[in-house]
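**Student:** Here it is, the structure in full.
Since every read-out is calculated from the coordinates, none of them should be taken as a lab result. Keep in mind it's a predicted model, so treat the numbers as computed, not measured. Don't worry about glycine lacking a Cβ; one is built from the backbone with ideal geometry, like all the others, and counts go over all protein chains shown.
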């Protein structure tokens, strides 16, 4: 049995890198970690695995060869006028780079899942900036930790112990930290907080505005704002102002409720304001393990973090127009390639309807819902377990993923598959 | 491939060649004595200016903070884009261009080597990711050490050998090139929301002063034999009256110098050469700094010239960016990095009519003109802090022509003219001076013996500009100068033509240099386990995952230290 230590977990945006993986006969037999999500990922990633390329013939997905599948994907992309290339959060930066190159080559639009999670966060950052820090700064210094619209107890299970409220830092022990949770319901995270503030759904912006008023010593005449008694808001404002190092973690509760990027504007300006009194940082709780990497790669290669359109031969970025949901639900695109994501499972109905009505290709280690609807499916290695590469943690720290087992025979990593598609696309274009 | 560049006027200061008509022969990526004319591709560059490829030692082109600037400023890119064409990938400008465009635009200017001067070691995977993607250029990055917990504690406890071993280990681990120091101690203070106000003020909770950090690192740099002196962004950047701190910083290490070899490089000094006591009384302190540099060979500087217009400031000096934000109230990004350093990003528009900006503009040029030895003052804009690197030709024309400067000066606020010395300076750079300051001297101070010159054996990195140095009088024809330098007639990298009259012809992968430095084995053997033990307490990643293998670099070019360690 082989023990591989310091393995990164391709689970969530916390990208914990201290997992011990036990391998026997190219099989993971045990994982040492205290995260259920991670354990499940490492032990079960191989279940329900599809290992054959599939092509739809007479309405049914039939096994085919890799060459035929690649040919089909290349033709779909070349024949399309405006293809959408979507996904990218569950794979390496190397694959993401190939994706950008492919989108540029076929003059399509490329988007990553940011578009349906922290897209509003990025718009907020583009409005006001982002006073943030690495997670180790939180661990070393934070004495006030606010989780707003996020529930790490369930979604980023080791976040609190490794990086935030329960972590042991050089200048700060867990018992020296105060924890505040702002949410619409009493989540598991809220149960262990020093202060839980139950905000009415879709009224986070109002609550933040009230906090800013408190900080500026303006009087609030109402008895409550957003369902929160004014005394409680005052208590929170005082906690924020008087801490030594505060941090506000936020999740989809803020980005995907009413107000969207305006909520993020509110949160960022609140944190900016707090820096007049003390040191305060803000950080989005990114979900997929390399969605941050997708934003980084897109940005350095094209100048824009998501929703990048190449139809004019250069990168354009128009959120609301070049974002995947808008492209799909307005029926702009005439073909789609999905890599490392499952849009049929989570995009709005109209978008999915259009997605399935046009040629659809999928590259994924598993048969996802999207794969079920696809015209061609190419299985790939599971990045982070069967293939290495680079991934970025939610705070922008890049790390190198480990390959701990070999992929099933004949299964290539997505980077290589995309490269083959790109080559074939160039050949086909050259032949015209 | 063999080439012969015929009939050009060669300016090659490292070989003391000043505008001589001379053929340059190229074979297998190197400059050679001669080639067989019947086999070689002969390019007639009659009456054109031939120089070594440009070497920029301080330009923020890659890494975490650069990407923050790119991400949060879509308005910076909208109007400036490049369409995919042949080997040229598409991309966007302007002050923070996308990565491929960065490489192409430098090549178009005739630059072939560019160093990223600040990388947080923890985020150097990101820096290398971007450096790998920059086409054409040779590059490297400088890890930040001025606020590093290990470094501060080793120096405080007088453990210089241990400090050197730690830095050697880190430099190898992240594939870095030189010791970068930014606002020593000040960034650690900023992580608690404070600042270090004085060169001799203690850093909170660390019991060490900026002076001790700088002195310690100069000594360590020597012990390790790194090819470049410590590269320092001094304390109090941007603060009126800071020229005094600058002089104290330089003087603090004077006694450590031996011989004529510079031991400290002070960067973008324009931002650190302010007189006055507040922004209302701001004046130029360039004369005092220049005077010091003229008298003290242990110092080199680059200027960090300001260009009027819109740009993005970005630095590891988080507290400075916060100050700037409180003045401008626009966008502000901050990105502190555990154990090591921080960063801040703030957009700015430098305006001619703004008194402070006008003074800043004059100070940069004053430094370049008042420091007599071009081997010790280098032209930069601290891209993109003073302005984008694409504006270099404008800076060249200002330095080469008093008339060009006067034209700008007369549009500045009267007070700014009165409180600066630029109007009284007659000096004009020659092509020879320019070639020293942008190529020969920068290559030399970086310790790159194959760069910055056109002698036999040098890398065939060559820039040809369509300007006749014998006929054009830069003093009058400054516009011609500017246009010629904006678009090289031909840029060659490693013996391959990469750019021709603004078009990208080929886009080879450039090298990434790093220094394979080592401290004495017994000390490393004692230090590394200690670092490993503390690593788990300090960092949120595992020690094993801090290491970046050589294979991670697209084209790794390790360099050996200058002299045996010890």
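**Student:** For chain A, what's the radius of gyration and Dmax over Cα atoms, in angstrom?
**Tutor:** 22.8, 72
**Student:** Given labels modelled 7 Å from the Cα in the Cβ direction, how far is it in nm from residue B:351 to residue A:330?
**Tutor:** Using points 7 Å along Cα→Cβ, the separation is 3.6 nm.
**Student:** Same structure, new question: When the convex hull of the C-alpha atoms of chain B is computed, what volume per residue in Å³ does it have? Please list the in-between numbers first.
**Tutor:** Values: hull volume 77.2 nm³, N = 566.
Expressed per residue, the convex hull around the Cα atoms of chain B is 136 Å³.
**Student:** Follow-up. Where does chain B land at 222 nm, in deg cm²/dmol rounded to the nearest 500, when only DSSP H runs of n ≥ 4 count, each adding -39500 (n - 2.57), divided by all residues?
**Tutor:** Numbers: 19 runs with 182 residues, N = 566.
About -9500 deg cm²/dmol.
**Student:** Further question: Just tell me how shielded A:122-133 is by partners: mean number of partner chain Cβ atoms within 10 Å of each residue's Cβ, no decimals. Before the final figure, lay out the partial values.
**Tutor:** Working: counts 3, 1, 1, 5, 6, 2, 5, 14, 9, 10, 6, 9.
Neighbouring Cβ atoms belonging to other protein chains average 6 per residue here.
**Student:** Give me log10 I(q)/I(0) at q = 0.18, 0.29, 0.32 Å⁻¹ for region B:286-329, Debye formula, one equal scatterer per alpha-carbon, no solvent.
**Tutor:** Debye curve over Cα of region B:286-329, log10 I(q)/I(0) at q = 0.18, 0.29, 0.32 Å⁻¹: -0.79, -1.02, -1.11.
**Student:** Rounded to whole Å and ordered largest first, report the semi-axes of the equivalent ellipsoid of region A:250-299 derived from its Cα gyration tensor (root of 5λ).
**Tutor:** 22, 15, 10
**Student:** Distance between the C-alpha centers of region B:465-504 and region A:190-251? Whole Å please.
**Tutor:** That distance is 60 Å.
**Student:** Related question: Could you give log10 I(q)/I(0) at q = 0.12, 0.15 Å⁻¹ for region B:298-396, computed by the Debye formula over C-alpha point scatterers of equal weight, without solvent?
**Tutor:** Relative scattering, expressed as log10 I(q)/I(0), comes to -0.44, -0.66.
**Student:** Let me ask something additional. Dividing the Cα radius of gyration by the Kirkwood radius, what Rg/Rh value follows for region B:60-218?
**Tutor:** Working: Rg = 18.5 Å, Rh = 17.3 Å.
Here Rg/Rh amounts to 1.07.
**Student:** Quick one: give the max-minus-min coordinate of the C-alpha atoms of region B:21-126 along each principal axis, largest first, in Å.
**Tutor:** Projected onto the principal axes, the Cα atoms of region B:21-126 cover 53, 33, 23 Å.
**Student:** Another question, then. Considering every Cα-Cα pair within the protein assembly as shown, what fraction, in whole percent, is farther apart than 47 Å? All intermediate terms of the calculation are to be shown ahead of the outcome.
**Tutor:** Details: 132997 of 497503 pairs.
Counting pairs separated by more than 47 Å, the tail of P(r) holds 27 percent.
**Student:** Same structure again: Once the principal axes of the Cα atoms of region A:1-73 are found, what is the range along each, listed largest first in whole angstroms?
**Tutor:** Ordered largest first, region A:1-73 gives principal extents of 47, 29, 19 Å.
**Student:** Something else about it: Over all alpha-carbon pairs of region B:218-338, lay out the pair-distance distribution in 5 Å bins, whole %, shortest bin first.
**Tutor:** Pairs per bin, as whole percents: 2, 10, 18, 21, 18, 14, 9, 5, 2, 0.
**Student:** Taking the C-alpha atoms of region B:114-184, how large are the radius of gyration and the largest Cα-Cα span, Dmax, in Å?
**Tutor:** Spelled out, the Cα radius of gyration and Dmax of region B:114-184 are 13.1, 44 Å.
**Student:** Next question. How many angstrom separate the Cα center of region B:136-205 from the Cα center of region B:1-36?
**Tutor:** Rounded to whole Å, the Cα centres lie 42 Å apart.
**Student:** Could you give the semi-axes, largest first, of the ellipsoid that matches region A:105-184, computed as the square roots of 5 times the alpha carbon gyration tensor eigenvalues and rounded to whole Å?
**Tutor:** Details: eigenvalues 190, 41, 35 Å².
Here the semi-axes work out to 31, 14, 13 Å.
**Student:** Just order A:73-81, A:299-307, B:34-42 by mean Cβ neighbour count inside 10 Å, highest at the front, would you?
**Tutor:** Ranked from most to least packed, the peptides come out as A:299-307, A:73-81, B:34-42.
**Student:** Using only the alpha carbons, work out the radius of gyration and Dmax of region B:176-265 in angstrom.
**Tutor:** In Å, with Rg to one decimal and Dmax whole: 13.1, 41.
**Student:** Could you order peptides A:339-345, A:369-375 by the average number of other Cβ atoms within 10 Å of their residues, highest first? Kindly include the intermediate steps, with their values, before the conclusion.
**Tutor:** On the way: A:339-345: 22.9, A:369-375: 20.4.
Answer by packing, highest mean first, reads A:339-345, A:369-375.
**Student:** For region B:399-439, state the semi-axes of the equivalent ellipsoid (square roots of 5 times the eigenvalues of the alpha-carbon gyration tensor), sorted largest first and rounded to whole angstrom. Mind showing how you got there, number by number?
**Tutor:** Numbers: eigenvalues 116, 18, 14 Å².
In descending order the semi-axes read 24, 10, 8 Å.
**Student:** With a point put 7 Å past each Cα toward its Cβ, work out how far residue A:173 is from residue B:372 in nm, to one decimal.
**Tutor:** The answer from the label model is 6.4 nm.
**Student:** Then there's this: Averaged across the residues of A:313-319, what count of C-beta atoms belonging to other chains lies within 10 Å of each residue's C-beta? It would help to have the intermediate numbers written out before the result.
**Tutor:** Values: counts 6, 13, 11, 4, 4, 2, 1.
Across the residues of A:313-319, the mean count of other-chain Cβ atoms within 10 Å is 6.
**Student:** Looking only at Cα atoms, what is the convex hull volume of region A:346-432 per residue, in Å³?
**Tutor:** Details: hull volume 13.4 nm³, N = 87.
Considering the Cα atoms of region A:346-432, their hull volume per residue is 154 Å³.
**Student:** Quick check: pseudo-label points 7 Å beyond the Cα along Cα→Cβ at residue B:557 and residue A:23, how many nm apart are they?
**Tutor:** 3.5
**Student:** Right, here's the next one. Given 5 Å bins starting at zero, what is the percent of C-alpha pairs of region A:274-432 in each, up to the one with the largest pair distance?
**Tutor:** Calculated P(r), rounded to whole percents: 2, 8, 12, 16, 20, 19, 12, 5, 3, 2, 1, 0, 0.
**Student:** At q = 0.22 Å⁻¹, what log₁₀ I(q)/I(0) does region B:371-478 have when each alpha carbon counts as one equal point scatterer in the Debye sum?
**Tutor:** Log10 of I(q)/I(0), two decimals: -1.39.
**Student:** In 5 Å bins starting at zero, report the fraction of Cα pairs in region A:205-356 per bin as a rounded %.
**Tutor:** 2, 8, 13, 15, 16, 12, 9, 9, 9, 5, 2, 0
**Student:** Averaged over its residues, how many other protein chain Cβ atoms are within 10 Å of peptide B:70-83's Cβ atoms?
**Tutor:** Numbers: counts 9, 12, 10, 3, 10, 1, 1, 7, 5, 0, 2, 7, 3, 5.
Across the residues of B:70-83, the mean count of other-chain Cβ atoms within 10 Å is 5.
**Student:** Could I ask something else about it? Counting only DSSP beta bridges with both residues in chain A, tell me the antiparallel percent, nearest 5. Provide the component values of the computation, followed by the final result.
**Tutor:** Numbers: 27 of 64 bridges.
Rounded to the nearest five, the antiparallel share is 40 percent.
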